[in-house]
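Working notes, beginning with the structure itself.
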Ligand code: UTP
């Protein structure tokens, strides 16, 4: 499977780690330099071949739809002022062939529930999921989601992006147990203590999943924290279809917390000729 037509962005979370900013601004609109997190995520989906972007939002997050909408007055003003570069920037956020669809998650009942809200738009085909607060860069190479789409053997299989994390951090992630010498996931544990973790391979915010996951999500009862967990539905999928772990090429910044956001900002500043002198220490992922 090489191309993913539809990509879902679950962006209905409350973003409590960035309060008070996220009281009015969606976490996904927070910028790394001059581009919001959602723009990096959308660029990745487009690189993977997507033509339909499905945003699962909540009723407070109009800013994401406003951002991708055309801004007539602003464009007029830039045109009149002869600011053609800026005009091209605001007009070029999405390629013309790409459409955006917005669905509302009425209540924040968990990531699995948010994905289920996209069912009517995704229909009966494999799709991608990007959590925009995991920002993954692979300069000059294919995006993480594209790598995963190319890695999927067929339309029934799932692919999860995984990354090695320090043993001490397993309690923050879903951790996978992969068959020896292969990529197929045998087993998955949500947020295990280091001594109970089957490996140090953590699932990060990219998924390629078959439409079957929607039926499994419907059967999923609320798990940890009373939320419908995507991990529980994927655990059910493991028993009936290949679900592969893909160790993507690229660097991930966890922009769901302040440290990751600062690291991402330093990383992009170091690559910017106008800003690089401000950055004394090169940023690493952790
Ligand atoms: P997080 O666990 O990062 O939660 O959600 P959050 O609300 O975004 O942020 P904090 O922890 O309060 O700071 C992981 C992803 O799942 C989405 C979030 O928007 C984020 O992309 N999500 C989570 C939903 O869309 N709906 C939910 O009910 C829960």
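Derivation of every value follows stated rules applied to the coordinates shown; laboratory data play no part. Bear in mind the structure is a predicted one, so any value in this text is a computation, not a measurement. Counting neighbours? That spans all protein chains shown, and the Cβs are built from the backbone with ideal geometry, glycine included.
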Notebook entry, point to check: For the stretch 60-155, what relative contact order do you get, as a whole percent, if you take Cα pairs closer than 8 Å and at least 6 residues apart?
Noted result: 15 percent
Checklist line | Principal axes of the stretch 11-57: Cα extent on each, largest first, Å | finding: 36, 24, 13
Next item on the list: Please express the shape of the stretch 133-188 as an equivalent ellipsoid: the semi-axes are the square roots of 5 times the eigenvalues of the C-alpha gyration tensor, given largest first in whole angstrom.
Entry: 21, 18, 10
Item checked: Quotient of Cα Rg and 2.2 N^0.38 Å for the stretch 63-140, N being how many residues it contains -> 1.47
Check: How would you rank 67, 60, 207, going from fewest to most other Cβ atoms within 10 Å of each one's own Cβ?
Finding: 60, 67, 207
Check: What is the ratio of the Cα radius of gyration of the stretch 214-286 to 2.2 N^0.38 Å, where N is its residue count, to two decimals?
Finding: 1.71
Check: Using all Cα-Cα distances in the stretch 180-233, what percent lands in each 10 angstrom bin from 0 up to the longest?
Finding: 18, 46, 32, 3
Next item on the list: Starting with the fewest neighbours, write out 124, 43, 133 ranked by other beta-carbon atoms found within 10 Å of each beta-carbon.
Entry: 124, 43, 133
Notebook entry, point to check: Rounded, prolate or oblate: which fits the stretch 5-158 when a ≥ b ≥ c are the square roots of the eigenvalues of the alpha-carbon gyration tensor, with rounded for a/c under 1.5 and prolate only if a/b beats b/c?
Noted result: oblate
Item checked: Nearest 10 degrees, 0 to 90: helix 258-270 Cα axis against the chain principal axis -> 50 degrees
Checklist line | Whether the chain is rounded, prolate or oblate, judged on the alpha carbon gyration tensor where a/c under 1.5 counts as rounded | finding: prolate
Note to self: Given axes a ≥ b ≥ c from the Cα gyration tensor, I'd like to know whether the stretch 94-136 is rounded (a/c under 1.5), prolate (a/b larger than b/c) or oblate.
What the structure shows: oblate
Check: Per residue Cα convex hull volume for the stretch 163-259, in cubic angstrom?
Finding: 123 Å³
Next item on the list: Calculate, in nm to one decimal, what residue 277 and residue 259 gain on full extension: separation in residues at 0.36 nm each, minus their alpha carbon distance.
Entry: 4.4 nm
Item checked: Residue exposure sequence - 199, 70 - by fewest surrounding Cβ within 10 Å -> 70, 199
Checklist line | Cβ-derived FRET efficiency at R0 30 Å, residue 186 paired with residue 218, nearest 0.05 | finding: 0.75
Note to self: If every alpha-carbon in the stretch 1-87 counts as one equal scatterer, what log10 I(q)/I(0) does Debye give at q = 0.10 1/Å?
What the structure shows: -0.33
Item checked: Cβ-derived FRET efficiency at R0 51 Å, residue 120 paired with residue 84, nearest 0.05 -> 0.80
Notebook entry, point to check: Gain in length, residue 51 to residue 103, computed as 0.36 nm per residue apart minus the alpha-carbon separation, to one decimal in nm?
Noted result: 17.1 nm
Item checked: Computed FRET value (nearest 0.05) for residue 172 with residue 71, which takes r as the C-beta separation and R₀ as 25 Å -> 0.05
Notebook entry, point to check: Relative contact order for the stretch 134-267 using alpha-carbon pairs under 8 Å, separation at least 6, rounded to a whole percent?
Noted result: 35 percent
Next item on the list: For the chain, calculate the relative contact order in percent as a whole number, restricting contacts to Cα pairs under 8 Å that are 6 or more residues apart.
Entry: 22 percent
Next item on the list: Among 54, 90, 122, determine the one that fluctuates most according to a GNM of the chain built with springs between C-alpha atoms less than 10 Å apart.
Entry: 90
